[in-house]
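Below: the structure, in structure tokens.
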Amino acid sequence: MKKNTWLIIAAVVVVVGGFMLFSGKDKAPETASAPAETAPAAEAPAEVTKIGIITPTTSQGEEEYRAAEELIKRFPGRVLHVTYPDKFMDEQETTMQQILTLASDPAVKAIVMGQGYPGTAAAIDKVHDSRPEVIFINVVPHEDPALAVQKSVYLMESDNPARGRSIIELSKQMGAKTFVHYSFPRHMAMAPLAERRDLFEQTCKEIGVEFVSVNAPDPTGDAGIAGAQQFILEDVPRQVAKYGKETAFFSTNCGMQEPLIRAVMQTGAIYPEQCCPSPYHAYPGALGIEIPADKAGDVDFLIEQINAKVKEAGAEGRMATWKVPSNMAMIYAAADYGFEYADGKIGAEFDQPEAEALLKKYAGENIQIKLYKGKDGVEIPRFIVFVGESVIFGQ
């Protein structure tokens, strides 16, 4: 799982494996009508194999989009990139057409979906009608995992059930007496997010934190992203006035993170981590951090800059995230897996040890990986989830 006026991530991420995130203000509107390639095919090998990537636009999924941009630069002529429509719930036919566009190139052997929005399962079926050999890797599935896993070689996501406990425990460690959860019905219809929400409430009861659920506008609804962001800016002060500064805030939506960080900082509240935890997710834009070219991709430098901003605001110990960019790491790992399949290094059957090794390559050796379990406690094969290590800023 932003306003047009937002400052988008001004950084080049080199995650553990050495990939980079390119950023800066968008200079031209994004289009979702055709694959994006930034280098001529002549730069690729004579018998080129390719992968396709579909991501949100920067408004809905900044890190996934930038990860795709970097992969295009790293593998010239071998990566095709298209985007989902911002109102993807109303335009699932467009989603299908975008995925069919990727598959229409016979050199494309694997397609990475980051994120797996509604409509992707039907699109995969359509592709497999004519090209059954194409594999799909679903990063952050939005559809029912039991359905989604039937369509893709494997699924990948942060471990939301585990985070249902870890985020609350971290919030209390940071001083929270109340935990506010912002979401909307579409997200609560997603099994992993609904399970995490229930675990939030359960863990709050167990450790003595008051749980508050707030229904926010869906960014794909009539009010759009701008309306959802404005709601966050207005509601956080209301909640702090009601519950006090010892209130932790969490939202399930990427587009809400930047205004949420700003509002939390302004009110002196607590922010344990984003929906998709990462130092690069909304922090640079929210805090006005610019990264010079010689520090591009330096995660330690960015953490130092966030620390400085947090201390300047007097918010030491009240802002946190993971030490690595979770969604970017998954996109890079999925892309590597796709290339290995395209180049005949692995077969069509899921290679779990290789998938986990590639994830650790980008998310760090210390992450905790396991297969996702549904509410019935049964593992869903080929759906790997992980938890990263937190960093509390200003300490």
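The values are calculated or read from the model by the stated rules, or taken from the named source; none is laboratory data. Computed from a prediction, not measured in an experiment: that's the story for all the values here. Neighbour counts are summed over all protein chains in view; Cβ atoms, including those assigned to glycine, are modelled from backbone coordinates with ideal geometry. Heavy atoms of the whole protein, side chains included, go into the accessibility calculation; ligands, DNA and RNA do not. Shrake-Rupley method; radii C 1.70, N 1.55, O 1.52, S 1.80 Å.
Just a few scattered comments:
- Within the span defined as region 182-193, every residue fails to be farther than 27 Å from Ile331 by Cα, hydrophobic (A, V, I, L, M, F, W, C), out of contact with any strand residue (DSSP E or B) (no Cβ under 8 Å at 6 or more places or on another chain) and open to solvent by 20 Å² or more (accessible area, probe 1.4 Å).
- Within region 95-109, residues that are within 11 Å of Ala123 (Cα to Cα) reach partners that are of a type in the set (D, E, K, R) and part of a helix (DSSP H, G or I) with beta carbons closer than 9 Å, at six or more positions or on different chains, in the pairs Met96/Lys126; Ile99/Lys126; Leu100/Lys126; Ala103/Lys126.
- Restricting region 265-288 to residues that are part of a helix (DSSP H, G or I) and within 21 Å of the chain's Cα centre (by Cα), the residue that is surrounded by the fewest Cβ atoms within 10 Å (Cβ to Cβ): Leu287
- Test result for Gly344, exposed (fewer than 14 other Cβ atoms within 10 Å of the Cβ) and of a type outside the set (A, V, I, L, M): yes
- Filtered residues of region 202-211 (kept if part of a helix (DSSP H, G or I) and either at pLDDT below 95 or open to solvent by less than 60 Å² (accessible area, probe 1.4 Å) (or both)): Thr203, Cys204, Ile207
- When the test is whether a residue is among the basic types (Lys, Arg) and within 24 Å of Arg382 (Cα to Cα), Lys177 does not pass it.
- Whichever residue in region 204-247 is among the polar types (S, T, N, Q) and over 24 Å from the mean Cα position of the chain (by Cα) and, among such residues, is nearest to Asp159 (Cα to Cα): Thr247
- Among the residues listed as Tyr280, Tyr243, the single one being of a type in the set (Phe, Trp, Tyr) and either in contact with an Asp or Glu (Cβ under 6 Å, 6 or more places away or on another chain) or more than 30 Å from Pro141 (Cβ to Cβ) (or both): Tyr243
- Look at region 298-310: where a residue is of a type outside the set (A, V, I, L, M) and a partner is surrounded by fewer than 20 Cβ atoms within 10 Å (Cβ to Cβ) and at pLDDT below 90, sitting 6+ places away or on another chain with Cβ atoms under 6 Å, you get Phe301/Lys295.
- So Val149, is it open to solvent by less than 30 Å² (accessible area, probe 1.4 Å), touching a Phe, Trp or Tyr at 6+ places or on another chain (Cβ under 8 Å) and part of a helix (DSSP H, G or I): yes
- Test: residue in region 92-105 that is among the aliphatic types (A, V, I, L, M), surrounded by fewer than 18 Cβ atoms within 10 Å (Cβ to Cβ) and at pLDDT below 90: no
- Pair list, Cβ under 7 Å, 6 or more apart: region 112-135 residue farther than 13 Å from Thr55 by Cα, other residue in a helix (DSSP H, G or I) and among the aromatic types (Phe, Trp, Tyr): Ile135/Tyr341
- Selection from region 212-245 of residues that are open to solvent by 40 Å² or more (accessible area, probe 1.4 Å), outside any loop (DSSP other than H, G, I, E, B) and under 22 Å from Arg165 (Cα atoms): Ser213, Asn215, Tyr243
- Qualifying positions in region 286-319 - in contact with a helix residue (DSSP H, G or I) (Cβ under 6 Å, 6 or more places away or on another chain) and under 23 Å from Tyr362 (Cα atoms): Lys295, Phe301, Ile306
- Residues that are in a loop (DSSP other than H, G, I, E, B) and among the β-branched types (Val, Ile, Thr) were ranked within region 352-387; the one that is surrounded by the most Cβ atoms within 10 Å (Cβ to Cβ) is Ile367.
- Within region 160-196, tally of residues that are modelled with pLDDT under 95 and assigned to a loop (DSSP other than H, G, I, E, B): 2
- Applying the condition of being part of a loop (DSSP other than H, G, I, E, B) and surrounded by 18 or more Cβ atoms within 10 Å (Cβ to Cβ) to region 297-322 and asking which residue is modelled with the lowest pLDDT yields Gly297.
- Scanning region 156-179 for residues that are on the phi < 0 side of the Ramachandran plot and open to solvent by 10 Å² or more (accessible area, probe 1.4 Å) yields Glu157, Pro161, Ala162, Arg165, Ser166, Glu169, Leu170, Lys172, Gln173, Met174, Lys177.
- Candidates Val48, Val139: the one that is part of a loop (DSSP other than H, G, I, E, B) and among the aliphatic types (A, V, I, L, M) is Val48.
- Summed over region 54-80, residues that are among the small types (Gly, Ala, Ser) and open to solvent by 10 Å² or more (accessible area, probe 1.4 Å) total 1.
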